[in-house]
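Undergrad: Here you go, one structure.
The values are calculated or read from the model by the stated rules, or taken from the named source; none is laboratory data. Quick caveat, the model's predicted, so the values are computed rather than measured. Cβ atoms come from the backbone with ideal geometry, glycine included; neighbour counts cover every protein chain shown. With ligands, DNA and RNA removed, areas are computed over all heavy atoms of the protein, side chains included. Shrake-Rupley method; radii C 1.70, N 1.55, O 1.52, S 1.80 Å.
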Amino acid sequence: MRRLPGTARSRPASRLVAAVILLGSAAGSCAGDDRPAPALPTTTQDTPAVIEPPAKAAVSVTVQRVIDVRTVQLSDGGEVTVKGLAAPDGCWTEASTTFAKAMLLDKLVDPTPAGSLRLADGTDYALLAVELGMVRSEASGDRAMQEAEQTASAKRLGRWGPPCVQPTGATPPPAKPTTTAPPAPQPVTGCSVEYRVTHSWPGGFRTDVTIRNTGNTEITGWTLQWKFANGQKVSEMWNATLKQSGQDISATAMPYNQAIGKGESLLMGFNGISGGTNTAPNAFSLNGHACKLG
């Protein structure tokens, strides 16, 4: 079959027409054609997750100085007045300061957002001080603190007990020292002693000592003696006058509690400093007379 003239040139001609059309389109765009350009294909990119900075870790500091039961100076230079604790009472100031030194001095603590100090074992110092009767609470809206104070008051612990608060009917200590010599101690015909550690904390403890007259005569004037076994030291004593020589302890009657009637008992107590072991004494004597335990 014979080709028609010009057929062989049809393809180059159509390519030329297409090029002219493209050039015309480009020229139209440059001339101000505001038709939107075709959207370019986009690729999906992963947005990096936002990484939150780690929470600020609690910074432990050391207590360098104890001013009183609620005021301390820290190793970072700061001074902290523990919130929720009232100013120390005049009667119990020395005892509460001794307690604070045993609990805090040279120890690591974490200041809490509530304004207290958290001990190394996680204990809240303010709550512990109130619970042991070392100081009153002034946190009226804190239920835990109020319950701790009620418990200490009911048990007559620390400032809630003698000599700061006398039991009903008890003779209060004289306002001024008396010049009258105390009566000479009388022979004891029978006695028993109950030694009970009521509270303990790292480096210290609180003890109640109950003396009972089991004899057939009144005890007038008394001195209770015992010996520690583990190097314990009495830091504060109430309802008796302390004398310590090494391991030997003497607790002598105050002017207001010289007499223990037949069948009656008397409560005294003390705060002590101890190491890892705190063995209770196993022998007591009252005016030289051996007492039974319990």
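Undergrad: Filter the helices (runs of 4 or more DSSP H) completely within segment 81-167 down to those with at least 2 residues that are more than 20 Å from E236 (Cβ to Cβ) and modelled with pLDDT under 90.
TA: The helices (runs of 4 or more DSSP H) meeting that bar are 143-155.
Undergrad: Scan segment 223-258 for residues that are out of contact with any helix residue (DSSP H, G or I) (no Cβ under 9 Å at 6 or more places or on another chain), modelled with pLDDT under 95 and of a type in the set (F, W, Y) and jot them down.
TA: Listed by number, the list holds a single entry, Y256.
Conditions tested, residue by residue: (1) in a loop (DSSP other than H, G, I, E, B); (2) surrounded by 19 or more Cβ atoms within 10 Å (Cβ to Cβ).
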position: A251; (1), (2): no, yes
position: M254; (1), (2): yes, no
position: M268; (1), (2): no, yes
position: N278; (1), (2): yes, no
position: S285; (1), (2): no, no
position: C291; (1), (2): no, yes
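Undergrad: So, one more: Return the pairs, sorted by first residue and then second, in which the second residue is of a type in the set (A, V, I, L, M, F, W, C) and in a strand (DSSP E or B), the first residue lies in segment 229-245 and is assigned by the TED database to the domain that holds G272 and closer than 21 Å to G276 by Cα, the beta carbons are less than 6 Å apart, and the residues are 6+ apart or on different chains.
TA: Partner pairs satisfying both residue conditions: K233/I273; V234/L242; V234/F270; S235/I273; Q244/V234.
Undergrad: Separate question: So the check is Cβ under 6 Å with 6+ separation or different chains; which pairs have a first residue in segment 107-125 that's open to solvent by 80 Å² or more (accessible area, probe 1.4 Å) and a second one that's in a loop (DSSP other than H, G, I, E, B) and at pLDDT below 85?
TA: Pairs found: L108/S60; L108/A120.
Undergrad: Quick check: is even one residue across segment 231-238 assigned to a loop (DSSP other than H, G, I, E, B), in contact with a strand residue (DSSP E or B) (Cβ under 7 Å, 6 or more places away or on another chain) and within 28 Å of A102 (Cα to Cα)?
TA: Looking for residues that are assigned to a loop (DSSP other than H, G, I, E, B), in contact with a strand residue (DSSP E or B) (Cβ under 7 Å, 6 or more places away or on another chain) and within 28 Å of A102 (Cα to Cα), one finds at least one in segment 231-238, hence yes.
Undergrad: Kindly list, by first and then second residue, each pair from a residue in segment 207-224 that is assigned to a loop (DSSP other than H, G, I, E, B) to a residue that is of a type in the set (K, R) and open to solvent by 30 Å² or more (accessible area, probe 1.4 Å), limited to pairs with Cβ atoms under 6 Å and residues at least 6 apart or on different chains.
TA: Note: pairs meeting the criteria are E218/K262.
Undergrad: Out of segment 216-228, which residues are within 15 Å of L266 (Cβ to Cβ) and open to solvent by 10 Å² or more (accessible area, probe 1.4 Å)?
TA: Result: E218, T220, T223.
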